1. What's the total number of residues in region 38-70 that are within 21 Å of Leu22 (Cβ to Cβ), touching a Ser or Thr at 6+ places or on another chain (Cβ under 9 Å) and touching a residue at least 12 places away in the same chain (Cβ under 8 Å)?
2. Kindly check whether there is at least one residue in region 60-80 that is modelled with pLDDT of 85 or more, open to solvent by 80 Å² or more (accessible area, probe 1.4 Å) and not in a helix (DSSP H, G or I).
3. Is there a residue being under 15 Å from the mean Cα position of the chain (by Cα), modelled with pLDDT of 85 or more, open to solvent by less than 40 Å² (accessible area, probe 1.4 Å) and of a type in the set (S, T, N, Q) anywhere in region 38-50?
4. Being surrounded by 14 or more Cβ atoms within 10 Å (Cβ to Cβ) and either more than 19 Å from Leu73 (Cα to Cα) or in contact with a Cys (Cβ under 7 Å, 6 or more places away or on another chain) (or both) is the filter here, so list the residues in region 14-24 that pass it.
Amino acid sequence: MTGFVVAAIAMLVALAPAAVTLARGTLADAVIGFELVTSVAVMVFALLAEGFKRPSLFEFPVIVAVLLLGSGLVFVRALERWL
């Protein structure tokens, strides 16, 4: 196991508090938790691509980052009546 894979596992473990906040927090806290989880997920995908020496998999985190930016905006737009 390379250092990149270990770092990806550590980042996934560190997501537990954000996931709890996303599930049980207020709506404003849920938006912040969602943005944190999505940004860390992109970093985990990039770390795993490097850790497994698969340069072709670097396209996936880039595409996911662009799509998650839009989904965060849609998430906030859908919840704005309750914020």
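1. Summing the residues that are within 21 Å of Leu22 (Cβ to Cβ), touching a Ser or Thr at 6+ places or on another chain (Cβ under 9 Å) and touching a residue at least 12 places away in the same chain (Cβ under 8 Å) in region 38-70 gives 4.
2. Within region 60-80, none of the residues are modelled with pLDDT of 85 or more, open to solvent by 80 Å² or more (accessible area, probe 1.4 Å) and not in a helix (DSSP H, G or I).
3. Yes, that holds for at least one residue.
4. Applying the first criterion (surrounded by 14 or more Cβ atoms within 10 Å (Cβ to Cβ)) to region 14-24 yields 15, 18, 21-22.
If the condition is that a residue be surrounded by 14 or more Cβ atoms within 10 Å (Cβ to Cβ) and either more than 19 Å from Leu73 (Cα to Cα) or in contact with a Cys (Cβ under 7 Å, 6 or more places away or on another chain) (or both), then Leu15 is the only one that fits.
One line per residue, one yes/no per condition, for (1) in contact with a helix residue (DSSP H, G or I) (Cβ under 6 Å, 6 or more places away or on another chain); (2) small (Gly, Ala, Ser):
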residue: Ala7; (1), (2): yes, yes
residue: Ile32; (1), (2): no, no
residue: Leu36; (1), (2): yes, no
residue: Ala41; (1), (2): no, yes
residue: Val44; (1), (2): yes, no
residue: Leu68; (1), (2): yes, no
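The values are calculated or read from the model by the stated rules, or taken from the named source; none is laboratory data. Because the structure is a prediction, the values reported are computed rather than measured. In this analysis, Cβ positions are derived from the backbone assuming ideal geometry, glycine residues included, and neighbour counts consider all displayed protein chains. All accessible areas refer to the heavy atoms of the entire protein, side chains included, with ligands and DNA or RNA removed. Shrake-Rupley method; radii C 1.70, N 1.55, O 1.52, S 1.80 Å.
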